[in-house]
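Can you keep this structure in mind? I'll have questions shortly.
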Amino acid sequence: MLQAFRFLSRIRAYGYEGIVVSVNVSAIQLLRFDFNRNLFDMINQIGVNPSDIAIEITESVFASNYQEINRTLGELKAAGIRIAIDDFGIGYSSLARERELNINCLKIDKYFIDKLIWLKPEEAITGDIISMAHKLGHIVIAEGIEHEVQREYLIKHGCDKLQGFLISKPVDEDAAIDLLRKSLPA
């Protein structure tokens, strides 16, 4: 997390505001009694804006101690940190509980995105997932975009953000800053 926060600080020094950096967090981390305190200490130490931080968790995180984890996430969300469910659609998700979760974002798993290559658009449920997530007030990110046909389908169905090799392969910090400079002049 310190590395991610230092990267955020570095981005801000180059004149970029409002860029969000995501960090994956496990159930074990969330259940530590001092997780939030330590996280807020790091945020204050580095001097980053909590609204520029996203915590990514998998759906399965809610299988263990749902109430405690949701409470912890609620504190983070109230501080402005974005909370995303990663790999949505292949894990523990319960649509009945989806509205209760202290999250802002659903990241649709690559499994559903891969189907867009060979399914007819009217057979794919990915657009329905996007619609459902929006009705719940969530931002939607599609993971694993590798082909133009996927991008076109997702844009047509109102997906908020796209992630995958079609956009960019994973890059180190310097290359990420170069990408920012090319696409978003400061």
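Going by the structure shown, is Asp52 touching a helix residue (DSSP H, G or I) at 6+ places or on another chain (Cβ under 8 Å) and either assigned by TED's automatic domain parsing to the domain that holds Asp174 or among the acidic types (Asp, Glu) (or both)? So that I can check it myself, show each step before the final result.
Values: touching a helix residue (DSSP H, G or I) at 6+ places or on another chain (Cβ under 8 Å): yes; either assigned by TED's automatic domain parsing to the domain that holds Asp174 or among the acidic types (Asp, Glu) (or both): yes.
Criteria met by Asp52.
If you don't mind, another one. Given the conditions (1) under 19 Å from the mean Cα position of the chain (by Cα); (2) among the hydroxyl-bearing types (Ser, Thr, Tyr); (3) surrounded by 13 or more Cβ atoms within 10 Å (Cβ to Cβ), report the number of the one that Ser51 does not fulfil.
Answer for Ser51: the failing condition is (3).
So which residues in segment 100-130 are more than 17 Å from the chain's Cα centre (by Cα) and under 30 Å from Ala79 (Cα atoms), if there are any at all?
Hit for segment 100-130 is Glu100, nothing else.
Further question on the same structure: Just checking, does segment 17-39 include any residue being within 29 Å of Lys182 (Cα to Cα), in a helix (DSSP H, G or I), more than 14 Å from the chain's Cα centre (by Cα) and small (Gly, Ala, Ser)?
no
Failed condition for Glu122, given (1) modelled with pLDDT under 95; (2) of a type in the set (Asp, Glu); (3) surrounded by 14 or more Cβ atoms within 10 Å (Cβ to Cβ); (4) farther than 24 Å from Val20 by Cα, with all others met?
Of the numbered conditions (1) modelled with pLDDT under 95; (2) of a type in the set (Asp, Glu); (3) surrounded by 14 or more Cβ atoms within 10 Å (Cβ to Cβ); (4) farther than 24 Å from Val20 by Cα, the odd one out for Glu122 is (3).
Okay, next question. Quick check on segment 24-48: of everything there that is in contact with a strand residue (DSSP E or B) (Cβ under 8 Å, 6 or more places away or on another chain) and hydrophobic (A, V, I, L, M, F, W, C), which residue is surrounded by the fewest Cβ atoms within 10 Å (Cβ to Cβ)?
Ala27
The values are calculated or read from the model by the stated rules, or taken from the named source; none is laboratory data. Just so it is clear, the model here is predicted, and its values are computed rather than measured. Neighbour counts are summed over all protein chains in view; Cβ atoms, including those assigned to glycine, are modelled from backbone coordinates with ideal geometry.
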